[in-house]
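Chemist: There's a structure below that I have some questions on.
The values are calculated or read from the model by the stated rules, or taken from the named source; none is laboratory data. All figures in this text were calculated on a predicted structure; none of them were measured in a lab. Positions of Cβ are backbone-derived with ideal geometry, glycine not excepted, and every protein chain shown enters the neighbour counts.
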Amino acid sequence: MSISIPLNTTLQYSSSSSSSLLPSFSLSSPITSSAVYVAGIRQRCLRMATSCVSNAQKSVLNGATDAVSIAGREQIRLGLPSKGRMAADSLDLLKDCQLFVKQVNPRQYVAQIPQLPNTEVWFQRPKDIVRKLLSGDLDLGIVGLDIVGEFGQGNEDLIIVHEALNFGDVISPLRYIPNYGIFENIKSLKELAQMPQWTKERPLRVATGFTYLGPKFMKDNGIKHVTFSTADGALEAAPAMGIADAILDLVSSGTTLKENNLKEIEGGVVLESQAALVASRRALTERKGALETVHEILERLEAHLKANGQFTVVANMRGTDAEEVAERVKSQPSLSGLQGPTISPVYCKRDGKVSIEYYAIVICVPKKALYESVQQLRAVGGSGVLVSPLTYIFDEETPRWSQLLSKLGM
Ligand SMILES: Nc1ncnc2c1ncn2[C@@H]1O[C@H](COP(=O)(O)OP(=O)(O)OP(=O)(O)O)[C@@H](O)[C@H]1O
Ligand SMILES: O=P(O)(O)OC[C@H]1O[C@H](OP(=O)(O)OP(=O)(O)O)[C@H](O)[C@@H]1O
Ligand SMILES: [Mg+2]
């Protein structure tokens, strides 16, 4: 463990608060003596640094949520997960939106997106992305909704711009050992709560990494005799180790759960989570260019995500005129397309004469309904059906944009 400083000797603090550089410890976190020592030195360095920077930069020592004004940095900052399950998926999603993150080396934590010249990417741990959005050190971020809930703690400065980026799907249920002992017949949170075993002296012990959401959930559900312990991972081991009666953790495929003899209980889902685009309200309202940037990112995301679930289907259909073909196509439930079918005449040359006997129809169909749609097309005389993937669907305006403006009171 050692201390490092920037290579150039001028200390540059362009952020609105230096708070997020500080380690934050919850009361229950064990702090080793070496950690305390480093924290002390960091705090002193920061005190020196903050005395050199503008008064607007407040040093917030216990948490990063105090309101601070927007500092005068030029670049908009987007936080992406630096590692873990969401890191590669975030980059892939942006790439699919034609936003190419140029990271020179995987160990470098800052990167550029040439398509958004006023924006910097900063790679951070998901929980730090949320903390830094609150402290004003980041303006936008991609993180799981579980992390937004846990570390955002309902702070109104955090705005969910897009809540369903289609990756990182997880739910977080409360689980317990199923096949033996006192839990054998317990199926719901209610039954778990009503077990006579839990008393003030011997409360229900829950192991969880969600030290904010966990206690809140139990309190909201009226469960009184409960205590919490925490760990950084592999929580599923806690019941078998005798450390906990139940755990509150993420579940995705359910494999870890099964492999550790745990079962989900009804009413135990705290939240359903997937990747989201999150922004700082202050940044969007006060930082020059931030709203325009989020609009562009949102448009690209929506266009890609909307298209992702659809195919373009082209088919030829014999008919007397476009209206008659349209009637036939519209008689089928899965062939209405986004707005309705596009129908255009096919000009055929026969015996030296040009005539219209066929019409080409173009529709978008949901991927899931593809085969059904092809069958319906055939049923009304469609032939030569061509199917291709759709890359983008740009609507007139994305519904999430107007929702965002109304959240911002604009
Ligand atoms: N099994 C999973 N399936 C899908 N997404 C998950 C799963 N586990 C975690 N995630 C999502 O990825 C985020 C980061 O989880 P990850 O496992 O990469 O790190 P972590 O274990 O929570 O933390 P650490 O940074 O200490 O390793 C989670 O907050 C959640 O949003
Ligand atoms: O339902 P599953 O698909 O099995 O996934 C669930 C597991 O995935 C995550 O753990 P991770 O692998 O990130 O390890 P960790 O416990 O060290 O965070 C999560 O904390 C669960 O333990
Ligand atoms: Mg994990």
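Chemist: Mind listing whichever residues of region 208-226 are within 16 Å of ligand 3 (Cβ to nearest atom) and not in a helix (DSSP H, G or I)?
Modeler: Thr208, Gly209, Phe210, Thr211, listed by residue number.
Listed here are the residues, each with its yes/no results for (1) within 30 Å of Arg282 (Cβ to Cβ); (2) outside the structural domain of Leu94 (by TED's automatic domain parsing); (3) part of a loop (DSSP other than H, G, I, E, B).
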site	(1), (2), (3)
Gly340	no, yes, yes
Ser355	no, yes, no
Gln403	yes, no, no
Gly409	yes, no, yes
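Chemist: Name the residue that is farthest from Gly152 (Cα to Cα), counting only residues in region 197-213 that are surrounded by 18 or more Cβ atoms within 10 Å (Cβ to Cβ) and away from ligand 1 (no atom under 16 Å from the Cβ).
Modeler: Trp198
Chemist: Take Ile297 and decide whether it is out of contact with any Asp or Glu (no Cβ under 7 Å at 6 or more places or on another chain), in the same structural domain as Arg282 (by TED's automatic domain parsing) and not aromatic (Phe, Trp, Tyr).
Modeler: Yes.
Chemist: Looking only at region 329-343, which residues are over 15 Å from Val385 (Cα atoms) and over 34 Å from the mean Cα position of the chain (by Cα)?
Modeler: Lys330, Ser331, Gln332
Chemist: Only residues that are within 14 Å of the chain's Cα centre (by Cα) and away from ligand 1 (no atom under 14 Å from the Cβ): list them for region 94-125, please.
Modeler: Within region 94-125, just Leu94 meets the criteria.
Chemist: Could you list all residues from region 257-295 that are among the acidic types (Asp, Glu) and within 27 Å of Asp220 (Cβ to Cβ)?
Modeler: Correct list: Glu264, Glu266, Glu272.
Chemist: What is the residue count in region 248-269 for residues that are under 19 Å from Leu145 (Cα atoms), within 16 Å of ligand 3 (Cβ to nearest atom) and crowded, with 17+ Cβ neighbours inside 10 Å?
Modeler: 4
Chemist: Please work out if Phe311 is assigned to a strand (DSSP E or B), modelled with pLDDT of 90 or more, under 30 Å from Ala276 (Cβ atoms) and within 29 Å of the chain's Cα centre (by Cα).
Modeler: For Phe311, the condition - assigned to a strand (DSSP E or B), modelled with pLDDT of 90 or more, under 30 Å from Ala276 (Cβ atoms) and within 29 Å of the chain's Cα centre (by Cα) - is met.
Chemist: Tell me yes or no: at least one residue of region 99-109 is modelled with pLDDT under 95, among the hydrophobic types (A, V, I, L, M, F, W, C) and not assigned by TED's automatic domain parsing to the domain that holds Ser253.
Modeler: Yes: region 99-109 contains one or more residues that are modelled with pLDDT under 95, among the hydrophobic types (A, V, I, L, M, F, W, C) and not assigned by TED's automatic domain parsing to the domain that holds Ser253.
Chemist: Would you check if there is a residue in region 214-225 being within 16 Å of ligand 2 (Cβ to nearest atom) and buried (at least 17 other Cβ atoms within 10 Å of the Cβ)?
Modeler: Scanning region 214-225 turns up at least one residue that is within 16 Å of ligand 2 (Cβ to nearest atom) and buried (at least 17 other Cβ atoms within 10 Å of the Cβ).
Chemist: If you scan region 68-123, which residues turn out to be within 16 Å of ligand 3 (Cβ to nearest atom) and surrounded by 15 or more Cβ atoms within 10 Å (Cβ to Cβ)?
Modeler: Passing the criteria: Pro81, Ser82, Arg85, Met86, Ala87, Asp89, Ser90.
Chemist: Quick one: count up the residues across region 227-271 that are assigned to a loop (DSSP other than H, G, I, E, B), within 14 Å of ligand 1 (Cβ to nearest atom) and free of Cβ contacts under 8 Å to residues at least 24 places away in the same chain.
Modeler: Number satisfying all stated conditions: 4.
Chemist: Going by what's in this entry, would Arg202 be described as of a type in the set (D, E, K, R), under 21 Å from Gly214 (Cβ atoms) and without any contact (Cβ under 8 Å) to a residue 60 or more places away in the chain?
Modeler: yes
Chemist: When you go through Ser334, Ser373, Ser388 one by one, which is the residue that is touching a Ser or Thr at 6+ places or on another chain (Cβ under 6 Å) and exposed (fewer than 11 other Cβ atoms within 10 Å of the Cβ)?
Modeler: Ser388
Chemist: State all residues of region 349-379 that are among the aliphatic types (A, V, I, L, M) and within 42 Å of the chain's Cα centre (by Cα); if no residue qualifies, say none.
Modeler: Answer for region 349-379, where residues must be among the aliphatic types (A, V, I, L, M) and within 42 Å of the chain's Cα centre (by Cα): Ala360, Ile361, Val362, Ile363, Val365, Ala369, Leu370, Val374, Leu377, Ala379.
Chemist: Do any helices (runs of 4 or more DSSP H) lying entirely in region 71-189 carry at least 2 residues that are among the β-branched types (Val, Ile, Thr), and which ones are they?
Modeler: Passing ranges, in order: 126-135, 145-152.
Chemist: On to the next question. Find all pairs meeting these conditions: Cβ atoms under 7 angstrom apart; at least six residues apart or on different chains; first residue within region 76-95 and closer than 18 Å to Val148 by Cβ and of a type in the set (D, E, K, R); second residue assigned to a loop (DSSP other than H, G, I, E, B) and away from ligand 1 (no atom under 14 Å from the Cβ).
Modeler: Taking only residues 6 or more apart or on different chains, the pairs are Arg77/Leu138; Arg77/Asp139.
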